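Rule-based calculations on the coordinates, nothing more; no lab input. What you see is a predicted model; the values in this text were computed from it and never measured. Backbone-built Cβ (ideal geometry, glycine too); neighbour counts: all protein chains shown.
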Ligand code: DOR
């Protein structure tokens, strides 16, 4: 007879929960979509496990078992551009990448700047294999001119606001956005690039842009944007979150802001941690075009340092799917963005953990517990009683990124052909197995 005491047990994996300071071989017992207990095997639990049905037991020997990953910066293209991504395909990509919670940006068509659009996206995610939280727009139609009905968006469930893709250029509007957001206790997430300084630049302004004859977007556009918003955040005593930090100047500004006590948090993407603008001249791969742009080695080192010393709080993918047709253009005509949900874990393992910058525990903390806290979301821990959102990782599995492997509808990444180490083997959402790589392979 199958055990009724537990619905699922994840057996014998190395359980890492940075929030609990836990890192040992143990079993996780799940009942009614919640974690009941984490325990080292005893004579009693051994007996309990032996009474389980086959599909109630996951053997995680030699695997890492960690809180479901949380990505607070994801672009799904529904409504408006379902050929690039739908809510469902984006959530499937999330599950395959070990993410149990993702937050989608409002730059869809139409924009997510009304209760109706928030509700539409939430409805699309009802049976999806990941929890989806919606981030609403700061301004109507993301035009930067008039505030959206922020209270209405929050009432409908928006967890933050951003005009991502665009900087809120008008400082008075940004001030009001911060004031409203603090009334509802949500952060304002900012795409920090002053558009006057970017001035149509398509890659980082540097030796490389000069060499390639391409219009550059200077790093100071980000620094200036961050400095202004830190001042507004200080004034309004609100919460500011800087998205996809890419430059040394911005890291230093955020570091000073935090030291002063300003309530600011920040994220960095895998691509800004790994790539530099030197890559662009090699084959003009339009998948290297992102906003903000990948920058110089000095900037790359600065964002790594910022991540290590806590200036940058968390890692977010900025998963930005675009169709092959759209990316098949000249570099300066291609839309900015690259996909990330299915690559983040392998990229962070290969380029940060294996290179000695981060331990597994630190990396998992910055990809689960910390981002969940920034947006006040449940998750990020395996504590008793918490929802059973769990990622199981094959830590040293090597694999090569292939164009046709993605659950995402898009494959726009410059990492095709890259050899990586570290692969998600299963993802569990509310106690249900929503992704199982073994089944995929069969
Ligand atoms: O590269 C980017 N792509 N940066 C953004 O801010 C927007 C995003 C998109 O929507 O494609």
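For the reader, a short list of remarks on this structure follows.
- Gyration tensor verdict on region 266-339 (Cα atoms; rounded if a/c is under 1.5, prolate if a/b is larger than b/c, oblate otherwise): oblate
- Gaussian network model of the chain, springs between alpha carbon atoms under 10 Å - residue of 321, 18, 171 with greatest fluctuation: 171
- Here the alpha carbons of the chain define both size measures, Rg and Dmax, at 21.3, 71 Å.
- Compared with the dominant Cα axis of the chain, that is its longest principal axis, helix 297-309 is turned about 50°.
- In degrees, nearest ten, helix 171-183 long axis to first principal axis of the chain (Cα): 30 degrees
- Dimensions of region 359-426 based on its C-alpha atoms, expressed as ranges along the principal axes with the largest first, amount to 40, 26, 20 Å.
- For the pair region 230-249 and region 1-65, the centres of their Cα atoms are 41 angstrom apart.
- Coarse-grained scattering of region 25-74 at q = 0.13, 0.17, 0.22, 0.30 Å⁻¹, given as base-10 log I(q)/I(0) from a Debye sum over alpha-carbon atoms: -0.39, -0.62, -0.95, -1.44
- Going by neighbour counts of Cβ atoms within 10 Å, the residues 182, 238, 317 line up, fewest first, as 182, 238, 317.
- Cα gyration tensor shape for region 97-237, rounded if a/c is under 1.5, else prolate or oblate: oblate
- Cβ-Cβ distance of residue 256 and residue 220, R₀ of 25 Å, FRET efficiency by 1/(1 + (r/R0)^6): the value works out to about 0.95.
- With Cα atoms defining each centre, region 91-110 and region 280-320 are spaced 20 Å apart in the structure.
- Exposure proxy ranking for 183, 174, 214, based on other Cβ atoms within 10 angstrom of each Cβ and starting from the fewest, stands as 183, 214, 174.
- Gyration tensor verdict on region 310-421 (Cα atoms; rounded if a/c is under 1.5, prolate if a/b is larger than b/c, oblate otherwise): prolate
- Axis angle, to the nearest 10 degrees, between helix 220-236 and the longest C-alpha principal axis of the chain: 80 degrees.
- Ordering 75, 322 from the fewest to the most neighbouring beta carbons within 10 Å gives 75, 322.
- Among beta bridges that DSSP assigns inside the chain, antiparallel share in %, nearest 5: 55 percent
- With R₀ set to 41 Å, the beta-carbon distance separating residue 56 from residue 418 gives a calculated FRET efficiency near 0.65.
- Potential lengthening between residue 43 and residue 231 on full extension [0.36 nm per residue; Cα-Cα distance subtracted]: 61.7 nm
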